[in-house]
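Enquirer: One structure is given below, represented as structure tokens, and several questions about it will come after.
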Amino acid sequence: MMKLYIALSIVLLLLFSGCGNKPKPGEDDTLTSGTITIAVDETFRPIAEEELQVFHALTPDATVHPVYCSEVKAMKLLLADSVRLAITTRQLTRQEMAFFNDKKFFPVSVKMATDGLALIVNKQNADSLITVEQFKEILTGKITDWKQLNPDSRLGALQLVFDNPNSSTVHYVLDSICGGKPLSEDLKAQKTNPEVISYVAKTPAALGVIGVNWIGNPADSTRLSFNDAIRIMAVSRADSATVENSFRPYQAYLALNQYPLTRSVYILLNDPKSGLPSGLTSFLTDFRGQRIILKSGLVPATAPVRIVDVKEEYK
């Protein structure tokens, strides 16, 4: 009888201890299993979808739910601990790091790729060259008409179009191009990069600003051509744009820093228990994940880039 009592006591003890140590919902993931939500800057939706498709195929026990949103929202989700991984174009600020550190969290920033901003125009627009300074004057409202760029232009008032006011694209031009000066009040905001492309494709006087990974031609595996619904402008750092000193956002020009409008893409990871967010980060930065970035037209952070001589045609 005593043996039976001891045996029952052990079983009950194990049951209660098991219940007490049961992981909380959303915290039972490992490096290769479980279910998590991540935040992704909407600018990088095409590349994120490709990466997750392969990651899910390689790790069938893992499920990653992406939230595609503005960079501002992605940062808010990370700071609120609603996600443990965010893909953005900036690292954490000192204030944000201090916020995490006060909570005994020590997040890291891992460079994933080099991206660029593409300046797109309608196919009826004959202008194909622009300087960084001219782009700045468009952003700040000093240039408002296509005639100010090309006296022969008949397009009239220039319509500047972004994805949305809280996007990483707007953040980049404010900080890196305008130096903190306010943007023109004539700026038009769509909701997404595809909507910007659609607007520019049907609006002759429009100038759109979008992420490079939205302009690729899916039918071209070499990534040496762009979306044929629009035209891509070549950008120059010089005072006057010429064919020789202007570059379109081809992968090689991004890698060599010849294209002026480049930016880094980061994985912001706050995963103290090294679960699925850490496993996904490992995949994104290893050979397989970096090769997907290479094929997308962006520049991978670690994988080598094959430099191809591109013969430009400016019409």
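Enquirer: If we only count strands (runs of 3 or more DSSP E) wholly inside the range 99-208, which ones have 1 or more residues that are touching a helix residue (DSSP H, G or I) at 6+ places or on another chain (Cβ under 6 Å) and buried (at least 19 other Cβ atoms within 10 Å of the Cβ)? Quick ask: steps written out before the conclusion?
Expert: Working: elements: 108-121, 129-131, 159-162.
By residue number, 108-121, 159-162.
Enquirer: Considering only the range 169-192, how many residues are more than 16 Å from I143 (Cα to Cα) and either touching an Asp or Glu at 6+ places or on another chain (Cβ under 9 Å) or free of Cβ contacts under 8 Å to residues at least 40 places away in the same chain (or both)?
Expert: Looking only at that region, the number is 11.
Enquirer: Assuming S82 fulfils every condition listed in (1) at pLDDT below 95; (2) surrounded by fewer than 21 Cβ atoms within 10 Å (Cβ to Cβ); (3) among the small types (G, A, S) apart from one, which condition is it?
Expert: If we test S82 against (1) at pLDDT below 95; (2) surrounded by fewer than 21 Cβ atoms within 10 Å (Cβ to Cβ); (3) among the small types (G, A, S), just (1) comes out false.
Enquirer: Name the residues in the range 58-75 that are within 16 Å of the chain's Cα centre (by Cα) and part of a helix (DSSP H, G or I), would you? Before the answer, list the steps.
Expert: Looking only at the range 58-75, we keep the residues that are within 16 Å of the chain's Cα centre (by Cα), and these are 66-75.
Matches in the range 58-75: E71, V72, K73, A74, M75.
The values are calculated or read from the model by the stated rules, or taken from the named source; none is laboratory data. The shown structure was predicted, so the numbers you read here are calculated from the model rather than taken from an experiment. Heads up, the Cβs are rebuilt from the backbone with ideal geometry, glycines too, and the neighbour counts pull from every protein chain shown.
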